Structure formats: C-alpha cells, structure tokens
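Okay, structure first, notes after.
The values are calculated or read from the model by the stated rules, or taken from the named source; none is laboratory data. Worth saying up front: this structure is predicted, and the values here are computed from it rather than measured. Because the Cβ atoms are built from the backbone with ideal geometry, glycine has one as well, and the counts that use them run over all protein chains shown. For accessibility, only protein heavy atoms count, side chains too; no ligands or nucleic acids. Shrake-Rupley method; radii C 1.70, N 1.55, O 1.52, S 1.80 Å.
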Amino acid sequence: MDYWYEGNLNEKANRREENGITYYIRGLRVVKGKRLERYGIQTHFVEEGESYVDLVRRYVLPIYKEGDILSISEKVIAMCQENTVYMDEVKVGLLAKFLSRFGKKTNSGIGVTETHKLQLMIDMKGHALVIFAAIAGAIGKLFKRRGVFYEILGVEAAGIDGFYEHSAFDEYHAMATLTPKHPHQVCARIEEKTGVPAMVVDANDIDVVILGKSTSLKKIPDGVLADYIKDNPAGQDDECTPFILIRDIGKAEAETYVPKKAAKKTK
C-alpha cells in the first residue's frame, strides 16, 4: 500500500541539530532484516554550478558515521553539473501540444501535461518513439499498468524534472533539471573525496530509480537500495532535504518519530 502526503515533511517534532547541521528524523525502515533509520539533512537551495563534493563535506560529514549510506536527489547533482534547460529554450511543436491533452496530473508531478516537458522528450527521443510510447502507454492503461510511456522512453525522459508552475521554488517555474551525467562516476568521486558511500536517485511518491552508486555499494542490488527509501523521505515540497543519510542502527532504540499524517492511500 502506498501512502500519499500533502505539504512539507519537515515536522517540528522530528527536527534535530548536531554539529551545526539541521536534520529531520524520517523514520525506521526494515529491509532484509536491517533496521534502517533515515535522516533528511537540510541544506540551502542548491544553485547551478555548486560543488557536490563541497556540499557533502559541509552538510553530511558533520553527522556521518562509518557504515552510513548517503542517498542524493538527482536534481541536486543536475544543478551542480548545470545540466538544466530553461523554458524559453524549448520550442513547443504541434505533437507536444496534441499529446499533452491526454496526460494526467498525479500526486508526484505534472508529467506530460506540461508541453515544454513533453517537447524536451520529443527533442531527446524523436517523434516516432514518443508517438509509439504514447500509444503503448494508452494500451497499458487499459490493462491498469502504469508507467509504460516512461519505460519505453527511458531514464533520460523520466528524469526531466521541472517546469512546475506551482513549485514551492520560483527557480523551477521556468527551469527543468535533466538526468545527471555519469552518476556512477559522481558517486565514486564523492566516496573518494569524502569517504561517504553514496547513491544518486530519482525518487518520487510513485517510484524510486537508482541512477548511480559508489563502488562499495555494488554488492547491494538496486532493488534493495531503492527499498531503503521507497517512501521517498526527501519529500516533494520545499523541504530542502536532498541528502538522506541511511543508518543501520542494529538493535539500538530508534529515535522518536512523529509520522506525517497520510492524506490518502492507494493500492
């Protein structure tokens, strides 16, 4: 059962400070017998061109413990890499305008209802493949199978994030981030420079995709790593918690955690 939440996840009762760092308890999750506590580390709004290594040093190292795993939002890495597109750089064509009429807004975003986002997919993948994906997606819906459209177009298309008119951040009203470049190398560099094992993820309230991970995490299947953050502890609002520190607490008592009240649940 999936649980949907409304608004910011940074509940005051879950707020903690350590070594000058503010973080939020995101609850305990048991995966493959491991008792994993997650901490949403609050940062400033990360601008284009910042160093992701410096960000990890500044916000993560002060509370990191050996054995922890760092989950990083793909949006932050894309911003650091300046892998972004602005709305005025996208020329919307007839196909995007037509297909956007058949899209559906979801709890996790606007999807292909935004013509600029759909046009970016067409620019990346070509008209023919997008038309095929749209037809296949429509057929999939008849059989109650979600996500066929993005399965066909791949992670590059699915990773376009932005152009949100109602985003809590003004920057994302007219800007989109793209899938990070060389995410495995990004994670390897973070571990090399900071000693923190990391994974770059594309996560929302529907799905979690592992885009890259450090060499030391290669032995852990992507499906297991995704399960660590299946409930999307980074949030979908203006939490500014792109870093989720995952800690195996063993048999230790978990931190007191006040969960966000679920708005609704879906099967």
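Once the Cα atoms of helix 127-142 and of the chain are each reduced to a long axis, what angle between those two axes, in degrees from 0 to 90 to the nearest 10, is obtained?
Tilt relative to the chain: about 70 degrees.
Give the residue list of trypsin sites (Lys or Arg not before Pro) in the range 43-85 that are DSSP loop and have at most 11 other beta-carbon atoms within 10 angstrom. Intermediate values should be presented prior to the final figure.
Numbers: sites: ARG57, ARG58, LYS65, LYS75; in loops: LYS65.
Within the range 43-85, the qualifying trypsin sites (Lys or Arg not before Pro) (loop, at most 11 other Cβ atoms within 10 Å) are LYS65.
Take every Cα-Cα distance within the range 196-260, group them into 10 Å bins from 0 onward, and report for each bin the whole-number percent of pairs it holds.
Binned Cα distances yield the sequence 17, 50, 30, 3.
Considering the chain as a Gaussian network with a 10 Å cut-off on Cα pairs, which listed residue, ILE72, ILE131, ILE246, attains the greatest mean-square fluctuation?
Maximum among the listed residues: ILE131.
Quick one: length gained pulling ILE249 to LEU94 fully straight, 0.36 nm per residue minus the C-alpha distance? Show your work: numbers first, answer last.
Numbers: separation 155, 0.36 × 155 = 55.80 nm, distance 5.38 nm.
The span from ILE249 to LEU94 would gain 50.4 nm if fully extended.
Ignoring ligands, DNA and RNA, what accessible area per residue does the chain give at 1.4 Å, in Å²?
Working: 14040 Å² over 267 residues.
Result: 53 Å² of accessible area for each residue.
With n ≥ 4 as the cut-off for DSSP H runs, can you work out [θ] at 222 nm for the chain, using -39500 (n - 2.57) per run divided by the number of residues, rounded to the nearest 500? Walk me through the numbers on the way to the answer.
Working: 9 runs with 77 residues, N = 267.
Helix contribution divided over all residues of the chain: -8000 deg cm²/dmol.
Once label points are set 7 Å from the Cα along Cα→Cβ at both ILE206 and GLU82, what is their separation, rounded to one decimal in nm?
Using points 7 Å along Cα→Cβ, the separation is 3.2 nm.
Ignoring ligands, DNA and RNA, what percent of the 1.4 Å accessible area of the chain is carbon and sulfur? Provide the component values of the computation, followed by the final result.
Working: 7220 of 14040 Å².
For the chain, the apolar C and S fraction of the accessible surface comes to 51 percent.
What is the Cα radius of gyration of the range 110-267 over 2.2 N^0.38 Å, N being its residue count? Display every interim value, and only then the final one.
Numbers: Rg = 17.8 Å, N = 158, 2.2 N^0.38 = 15.1 Å.
With N residues counted in the range 110-267, Rg over 2.2 N^0.38 Å equals 1.18.
Mean separation of Cα pairs under 8 Å and 6+ residues apart, divided by the residue count of the chain: what relative contact order is that in percent?
Details: 482 pairs, mean separation 90.2, N = 267.
Relative contact order for the chain comes out at 34 percent.
Please report, in cubic angstrom per residue, the volume enclosed by the convex hull of the alpha-carbon atoms of the range 1-65.
On the way: hull volume 10.0 nm³, N = 65.
Hull volume over Cα atoms, normalised by residue count, gives 154 Å³.
For the range 3-134, what D do you get in µm² per second when you plug the Kirkwood radius from alpha-carbon pairs into Stokes-Einstein at 20 °C and 1.002 mPa s? Intermediate values should be presented prior to the final figure.
Numbers: Rh = 18.3 Å.
Translational D for this selection: 117 µm²/s.
Whole-Hz ³J(HN,Hα) for each residue in the range 160-173, computed from phi via Karplus 6.51 cos²θ - 1.76 cosθ + 1.60 with θ = phi - 60°, x for glycine and proline: what do you get?
Whole-Hz 3J(HN,Hα) from phi for the range 160-173: 5, 9, x, 6, 9, 4, 9, 4, 5, 10, 4, 4, 8, 5.
Take a quick pass over the range 115-256 and tell me how many lysine pairs come in under 29 angstrom between Cα atoms, counting only ones 8 or more apart or on separate chains.
29
Choose one answer from ALA226, ALA254, ALA128: the residue with the largest mean-square fluctuation in a GNM of the chain with alpha-carbon springs under 10 Å.
For the chain, modelled as a Gaussian network with Cα springs under 10 Å, the answer is ALA128.
With N set to the number of residues, divide the alpha-carbon radius of gyration of the range 24-102 by 2.2 N^0.38 Å and report two decimals.
Working: Rg = 18.6 Å, N = 79, 2.2 N^0.38 = 11.6 Å.
Cα-based Rg divided by the globular estimate yields 1.61.
Considering the convex hull of the alpha carbon atoms of the chain, report its projected area averaged over all viewing directions, in nm², one decimal.
14.3 nm²
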